[in-house]
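Heads up, the thing below is written out as structure tokens.
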Amino acid sequence: MKVGILGGTFDPPHNAHLEIAGAAREKLGLERVIFMVAGNPRLKNNPAISPVGERLHMARLATTGKPGFIVSDLETHSDKPTRTVETLRQIQPKAGEQDELYFIMGWDNLFKLDKWYRPAEIIDRSIIVAIPRPDCPKPSTDQLEKDLPGLSRRLVWLDGPWMDISASDIRQRVRNGQDIGNLVPPGVATYIREKGLYRK
């Protein structure tokens, strides 16, 4: 079984997340895509991040009725910063020997993968799926291989989707009283409005 993993704070989850997961699932033949909600992301030590319960709920709202999309709270059970390699270690024994993990990330994160904790083990345990970002040039495969030997053999490039949506922009639009109906799933937009999220 091929299993995709799309990690993030999902604060909030938006339409680009769904488009990315859908494109990866279709083009790579993934059985399912796990939306891995970060609890305390190591590289985003930001006290402004919404409580994990709210982010989990929004992720579940966003994926409701989307076959093959599931939300995981695996990374939310620890107060310590989360590390991708530790998540992969926990997933693989449960996934089964025949399962293949595909870790989905944007080009911007691909540039920095060699700086992550135990990057060699990350590419040993998963295939990296690189998604384009409109504000980021495509990394050089030769340079990536130089920085992290073995990566090029465990790397899949996708040519889309090119959706220029960011969670920070959505939060700013909410603060400004602007409409976000075309940027997030309807259930997420309703939840943000009813709970008064991002107003301050």
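Bear in mind these aren't lab numbers, they're just calculated from the coordinates by the rules spelled out. It should be emphasised that the depicted structure is a prediction, and the values quoted were computed from it without experimental measurement. Note that each Cβ is placed from the backbone with ideal geometry, even for glycine, and that neighbours are counted across all protein chains shown.
Based on the alpha-carbon gyration tensor of the stretch 2-195 and its eigenvalue square roots a ≥ b ≥ c, which shape applies: rounded if a/c is under 1.5, prolate if not and a/b is larger than b/c, or oblate? Judged from the Cα gyration tensor, the stretch 2-195 comes out prolate (a/c at least 1.5, a/b above b/c).
Taking the chain as a Gaussian network of alpha-carbon nodes connected by springs under 10 Å, the highest mean-square fluctuation of the residues 17, 77, 57 belongs to 77. Ranked by how many other Cβ atoms sit within 10 Å of their own Cβ, fewest first, the residues 5, 180 fall in the order 180, 5. Counting 0.36 nm for each residue step from residue 140 to residue 115 and taking away their Cα separation leaves a gain of 7.4 nm. Taking a straight line from the alpha carbon of residue 27, these lysines sit under 16 Å away, with near neighbours fewer than eight places off in the same chain left out: 2. Rounded to the nearest whole Hz, the Karplus-based 3J(HN,Hα) values (6.51 cos²θ - 1.76 cosθ + 1.60, θ = phi - 60°) of the stretch 194-200 follow the sequence 5, 8, x, 5, 6, 6, 9, with x at glycine and proline.
Annotation: amide H of residue 82 within the under-5 Å range of 40, 42, sequence separation 5 or more or interchain, hydrogens built in the peptide plane. State the Cα centre-to-centre distance between the stretch 121-200 and the stretch 45-74 in whole Å. Here the two parts' Cα centres lie 14 Å apart. Near residue 147, once Lys and Arg are set to +1 and Asp and Glu to -1 for all other residues with Cβ below 12 Å from its Cβ, the sum equals 0. Under 5 Å from the amide H of residue 2 lie the amide H atoms of 31, 100, each residue being 5 or more positions distant or on a separate chain, with H modelled from the backbone and absent for Pro and chain starts.
The 3J(HN,Hα) values that the Karplus relation (6.51, -1.76, 1.60; θ = phi - 60°) gives for the stretch 59-74 are, in residue order, 5, 5, 4, 5, 9, 4, x, 9, x, x, 9, 10, 10, 10, 9, 3 Hz. Gly and Pro appear as x. A Gaussian network model of the chain, with springs between Cα atoms under 10 Å, assigns the largest mean-square fluctuation among 104, 165, 128 to 165. Label positions at residue 153 and residue 26, each projected 7 Å from the Cα along the C-beta direction, are separated by 3.2 nm.
Within the straight-line cut-off of under 19 Å between alpha carbons, the aspartates and glutamates reachable from residue 138 are 108, 114, 147, 159, 164, sequence neighbours fewer than 8 places apart in one chain being disregarded. Mind scanning 66/146; 112/195; 115/195; 80/115; 66/195 and naming the pairs with a C-alpha gap bigger than 29 Å? Result: 66/146; 112/195; 115/195 exceed 29 Å.
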